[in-house]
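Since the structure comes first, as structure tokens, the remarks are kept for the end.
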Amino acid sequence: MADSASLLFNPHTYDPEHFDPETRRLLRATVDWFEARGKRRLIEDYRSRAWLGDFLDFAARERLFATFLTPASAAGKDDQRWDTARIAALNEIFGFYGLDYWYAWQVTILGLGPVWQSDNAEARARAAELLAQGEVFAFGLSEKTHGADIYSTDMLLTPDGEGGFRASGSKYYIGNGNAAGLVSVFGRRTDVEGPDGYVFFAADSRHEAYRLVKNVVDSSKYVSEFRLADYPVAPADILHTGRAAFDAALNTVNVGKFNLCTASIGICEHAMYEAVTHASNRILYGRPVTAFPHVRRELTDAYVRLVGMKLFSDRAVDYFRSAGPDDRRYLLFNPMTKMKVTTEGEKVIDLMWDVIAAKGFEKDNYFAQAAVEIRGLPKLEGTVHVNLALILKFMRNHLLNPVDHPAVPTRLDAADDAFLFQQGPARGLGSVRFHDWRTAFDAYAEVPNVARFREQADALCTFVETAAPDDEQSRDLDLLLAVGQLFALVVHGQLILEQARLTGLDEELLDELFAVLVRDFSAHAIELHGKDSATEDQQNWALGAVRRPVVDAARSARIWERVEALSGAYEMGQ
């Protein structure tokens, strides 16, 4: 049985021995750099909105980004590869110490997406060299007027008569736009109508025709507005044209936006150490705060939700790494990590904040920073609503039409995830097929709250077969989003159970976690019941799907002991 601390990232004991020696060294070196910097400096840099120059210097010296973000096809060293498992591990570390650090890395990943998908050998070689030099990258997709509506881009490319273009237009909300050695910019030709006119090209933020306007957020994260004014785009700068440019944009999202889940996990882990330590040592009315039953419940719920976030995300990595033309299940698990895991992170922080109250505002704590940063992740890279709508495209096939797939093992091997840059056309989501979700639940049929949640999941299948939204309701996104939340819980529970089986997680902790998920499902069912357009059949179904978790006071008390053991388990040095 794993103890509570071993399930969470702890810099004092961290040793990623499951990775190869160079990965292990770089992950540990990154932790050591932050720990040496100390909590006071970390918080001061956050509050003063300092640019991340020292951190990027460290990353350059260690060739951190070059090692982790150069795929084998462009690698100049044996240790370079695109390995989603170790990328996820680094996301968690960056999230633990501050989202600004993660953001510079995350935007570099997005900027590299169109490059590594391109057949332009010269551009790929240039990107690999820039990475080796320690440069960061940017992803020039969204615009002030249109947001991420890439159908309506106003970045215009006019042919120059020599095989290239002159680009003019602006981009908005572009991370690293102040310092990127290469910016992957999406635009459209002025001489070609429709999707055949799309172009992805590489720009340099240091070019005289590239004008940096401002940082659009009040943060160390340099989320820029920039404008191109008659910027020369040579043939060597063109990454994709036509429909391939559109596909590159969406496929980059599939690769890069996954990183939100593990960043949110890191934030919650650091905050949890602070919150439990404070609550355990705070005396109110002559008693420790943690003596109050509601405090124990809130901190226990926060802890098991965080464990669930980790289990789901770790298992999702395996599906990313095992993906291929005939296995695109990752296309469901990706919006799940962006939406479900990150909103769980918000709940974790809120539960802890209800306990520590005013302490969560104090400027000398990490928690105050975490409480702000955790909000951004569900709202970045597509809102919760966008991702829920995407998830719904998979619901019928996932719940009702399983097919046989080879078993996906734990993927911690030192392999290059080449398919992520060979995804092909970004369409056909409704045709993606899944293995039987019931298998994961069957393995834990004797765990009381897993069995109780299984009743609700089976009920959702009945809903889809007998009371699914009709054509008119299918245009009511408010109703559909409530259904999406119910479906997301089933997928969340499935991957949690798969990872629990692979890692030998003890059933008592799993039982406590699923008690929370049973309550969540009931709450979303009640929400569906109250929707304006819900039919009588749907209302009756919703009330019938409500369940009470199986209560076991002794089990809950033992899980609480694990949470209480986190007090003093980690404190960042000053």
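The values are calculated or read from the model by the stated rules, or taken from the named source; none is laboratory data. Because the structure is a prediction, the values reported are computed rather than measured. Neighbour counts run over all protein chains shown; Cβ positions are idealised from the backbone, glycine included. Calculation scope for accessible area: heavy atoms of the full protein, side chains included, ligands and nucleic acids excluded. Shrake-Rupley method; radii C 1.70, N 1.55, O 1.52, S 1.80 Å.
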How much length, in nm to one decimal, is gained on full extension between D160 and N10, taken as 0.36 nm per residue of separation minus their Cα-Cα distance?
48.4 nm
Place a +1 charge on the Cβ of each Lys and Arg in the chain and a -1 charge on the Cβ of each Asp and Glu, then give the dipole magnitude about the Cα centre in debye, rounded to the nearest 20.
880 debye
Taking 0.36 nm per residue of separation between H385 and A357 and subtracting their Cα-Cα distance, the length gained on full extension comes to 7.1 nm
Report the paramagnetic label zone for L284: residues of segment 345-381 whose backbone N is under 17 Å from a point 7 Å from Cα along the Cα-to-Cβ axis.
350-362
Tell me, what is the FRET efficiency for R475 and A523 to the nearest 0.05, using R0 = 41 angstrom and their Cβ-Cβ distance as r?
0.95
Please list E298, E269 in order of solvent-accessible area, largest first, computed with a 1.4 Å probe with all protein chains present.
E298, E269
Which value, in Å², gives the accessible area per residue of segment 1-129 when a 1.4 Å probe is used on the protein heavy atoms?
37 Å²
FRET efficiency (A229, S152; Cβ distance; R0 25 Å; to 0.05) is 0.75
In percent, what relative contact order does segment 317-427 have, based on Cα pairs under 8 Å that are 6 or more apart in sequence?
43 percent
Select from segment 249-326 those chymotrypsin sites (Phe, Trp or Tyr not before Pro) which occupy a DSSP coil region and have at most 14 other Cβ atoms within 10 Å, ordered by residue number.
Y285
Summarise the accessible area of the chain (1.4 Å probe, protein heavy atoms) by the percent that is carbon and sulfur.
49 percent
Against the longest alpha carbon principal axis of the chain, how many degrees, from 0 to 90 and to the nearest 10, is the axis of helix 553-564 turned?
40 degrees
Determine the alpha carbon to alpha carbon distance for each of K340/K393; K144/K171; K39/K310 and list only those over 18 Å.
K39/K310
On the formula 1/(1 + (r/R0)^6), with r taken between the Cβ atoms of R396 and V216 and R0 of 51 Å, the FRET efficiency rounded to 0.05 is 0.80
Sticking with the crude label model, points 7 Å out along Cα→Cβ, report the distance from E536 to V372 in nm, one decimal please.
5.3 nm
Most positive-pole-ward Cα, A371, V355, M339, against dipole of segment 317-384 from beta carbon charges:
M339
Explain nothing, just the number: relative contact order of the chain, from Cα pairs under 8 Å at least 6 residues apart, as a whole percent.
16 percent
Based on the alpha-carbon gyration tensor of segment 93-148 and its eigenvalue square roots a ≥ b ≥ c, which shape applies: rounded if a/c is under 1.5, prolate if not and a/b is larger than b/c, or oblate?
oblate
So K77 and Q422, fully extended at 0.36 nm per residue minus their Cα-Cα distance, gain in nm 122.0 nm
Label L429 and R297 with points 7 Å out from Cα along Cα→Cβ: what is the distance between them in nm?
3.7 nm
Note: segment 312-394 at 20 °C, 1.002 mPa s; Kirkwood Rh on alpha carbon pairs; Stokes-Einstein D in µm²/s works out to 149 µm²/s
Relative to the first principal axis of the alpha-carbon coordinates of the chain, what is the inclination of helix 507-529, with its axis defined by its Cα atoms, in degrees from 0 to 90 and to the nearest 10?
80 degrees
Among rounded, prolate and oblate, which fits segment 154-269 when a ≥ b ≥ c are the square roots of the eigenvalues of its C-alpha gyration tensor, a/c under 1.5 means rounded, and a/b larger than b/c means prolate?
oblate
Per residue, how much accessible surface does segment 366-482 expose to a 1.4 Å probe? Answer in Å², no decimals.
46 Å²
Is segment 14-68 rounded, prolate or oblate when judged by the Cα gyration tensor, a ≥ b ≥ c being the square roots of its eigenvalues, rounded requiring a/c under 1.5 and prolate requiring a/b larger than b/c?
oblate
Nearest 10, in degrees from 0 to 90: the angle of helix 39-48 to the longest Cα principal axis of the chain is 60 degrees
Antiparallel DSSP bridges in the chain: what percent, to the nearest 5?
85 percent
Counting only protein heavy atoms and rolling a 1.4 Å probe, one gets per residue an accessible area for segment 142-286 in Å² of 38 Å²
Relative contact order for segment 514-554, counting Cα pairs under 8 Å that sit 6 or more residues apart, in percent:
51 percent
Normalised per residue, the volume of the convex hull around the Cα set of the chain (Å³):
148 Å³
Using only helices, what value at 222 nm comes out for the chain when you add -39,500 (n - 2.57) per DSSP H run of length 4 or more and divide by the total residues, to the nearest 500 deg cm²/dmol?
-16500 deg cm²/dmol
Within segment 176-259, trypsin sites (Lys or Arg not before Pro) in DSSP loop having at most 16 other beta-carbon neighbours inside 10 Å
R206
Provide Rg over Rh for segment 444-574; use the alpha carbon set for both Rg and the Kirkwood Rh (inverse mean inverse pair distance).
1.09
